[in-house]
Each structure stands twice: as structure tokens, then as C-alpha cells.
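A short worksheet on the structure shown next.
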Amino acid sequence: MEKVAIYIIGDIVLSECPGSVLKKWRKLFNIQQTELAKYLNVSPSVISDYETGRRKNPGASFIRKYVLALIEIDKNKGGKTVKALKRMLEKSPSMRAILDMKEYPKPISLEEFVETIDGTLLTEGDAQIYGHTVIDSLKAIKELSGEEFYHLYGWTTERALIFTNVSSGRSPLVAIRVSPMKPRVIVLQGILKNRVDKLAIELAKIDKIPLVVTNLDIEELIKRLSEIE
């Protein structure tokens, strides 16, 4: 999923009024309800009901389809809005910190995930994982505000946050500890298990988040993650 979609989905999911934010983005893309409804193969009243709040909050699946439809319709018209957003996001700290992001078509178990990345589990836990985000740790810790940190979750927190090139693991775990949103799994890349900070392990236990380490290099790690189906 491209970064423009990730950013928009995050904006909608994190809003207290997702319907109004859906409408905001449709207006920014200058797309009529009827045009969007035709692309999604639904009636215009469905779009209207979600945008006005007459229907309950849209689920993650609908939000994803809605946003991807906006992007595809815009691209079919020359992609003016998408190109402008890409230029803007190139300057966004949250987007610069993301090395890779993916939502899985179906969840995978923690055991399968750890095996895929040749990882070692440091704290006990059980989780179904619906996606991952690979993060440049230094950029994330140095540059992201609290609100920007939320964009790392894509459209669900039921995911693995993978921090690359960590020295001890303390900083990512402290950042997650003070955040109200928690991932299902935390992965520390490029560090031996006996070098992980004791406080980092303790914080993972307190939040009951499985903590994993992997020594795969970043390129190989992303390659293996891309093969998850």
C-alpha cells in the first residue's frame, strides 16, 4: 500500500468522527459521491450515510476500499491530487520513518511470524498479527511527535512494529509505554538478545506485548515480510 493511502487511512481511523474525515478527503480529491459510489459498486446513499454518521462507524475494510478508490479515481484523471500529497508527505517525519508497511489478507500467528523473520521471543505472549510496519528507529525517536507516531499503525494496531538498527531497545519501548495505542508485537532488529536493555524487556512484560529480536539485515527482513500471504 502506498504512503499516501497509509497517511489518509491513519487520519480517518484516528479521528473521533471518521465519517466527516471520509467526506473531507473525498472533497479534497474533488470526487462526487455518485462517482465514488459507482467505482465502489454501492449506492450513493451508502456513501452519504457513512459520511454523515447515519450509519455506524465504517469498518477498516470499508475505509481501505474508500481510500484506495479515491486514489485510483484520481490517478485515472492524471493523479494531480496524489502527486501533490506525495510531495507533501516526502517532508513528513512519520512517512520518512516508515521503511515498509503491509496489511495481511488474513492474520498469522505469533509463532508463524517469529519463524518467518528468524526471530527469538524474549517475552511470552500470544497474538494474531494483521500487518507490520518496519521503522527507522533513529528517525522515529528523534523526529516524530506523539500524533505522528500514530501513523505508524496504518489502519490497525493489531500489527507488529519492527524497529531497525536498535542499540538497546529502550527508546522504542519507552515510546510505546507512554502511548495509549499498543501494537500486538514489538520486534527489535539488528541486536543480539543478550544486548537488549533489561528495562525494555520489563516494559514489554508490563504492557503484555510479545518482544522479539531478529538479526536479519533490513533488506532480507523486508523480503521475508513481503512473502507473508
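Here are the numbers for the structure shown:
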| item | result |
| --- | --- |
| FRET E, pair Gln32, Lys86, Förster distance 22 Å, beta-carbon r, rounded to 0.05 | 0.40 |
| Semi-axes of the equivalent ellipsoid for segment 93-226, Cα gyration tensor, largest first, Å | 18, 17, 15 |
| Computed lengthening from Glu220 to Leu99, 0.36 nm per intervening residue step minus Cα-Cα distance | 42.3 nm |
| Percent of Cα pairs exceeding the 18 Å cut-off, where the set is segment 15-141 | 66 |
| Answer label, with Cα Rg over 2.2 N^0.38 Å calculated from the coordinates and candidates (i) 1.14; (ii) 1.07; (iii) 0.99 | (ii) |
| The chain, helix-only ellipticity at 222 nm - DSSP H runs n ≥ 4, -39,500 (n - 2.57), divided by all residues, nearest 500 | -14000 deg cm²/dmol |
| Number of Lys pairs (Cα under 26 Å; 8 or more positions apart or on different chains) in segment 122-229 | 20 |
| Amide H partners (placed H, <5 Å) of Leu216, local residues excluded | Gly190 |
| For segment 207-219, 3J(HN,Hα) per residue [Karplus equation, 6.51 cos²θ - 1.76 cosθ + 1.60, θ = phi - 60°, Hz, x = Gly/Pro] | 7, 6, 10, x, 10, 10, 10, 9, 10, 4, 6, 4, 4 |
| Segment 3-89: mean projected area of Cα convex hull, nm² | 5.1 |
| Highest-first arrangement of 134-142, 101-109, 157-165, where packing means the average Cβ count within 10 Å | 157-165, 134-142, 101-109 |
| Efficiency of FRET from Cβ geometry, Lys56 and Arg195, R₀ 41 Å, rounded to 0.05 | 0.30 |
| Interchain or long-range residues, amide H under 5 Å from Leu122's placed H | Leu211, Val212, Val213 |
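Read-outs throughout are calculated quantities, based only on the coordinates presented, and are distinct from any laboratory measurement. Worth saying up front: this structure is predicted, and the values here are computed from it rather than measured. Using ideal geometry, Cβ is built from the backbone for each residue, glycine included, and neighbour counts are taken over all protein chains shown.
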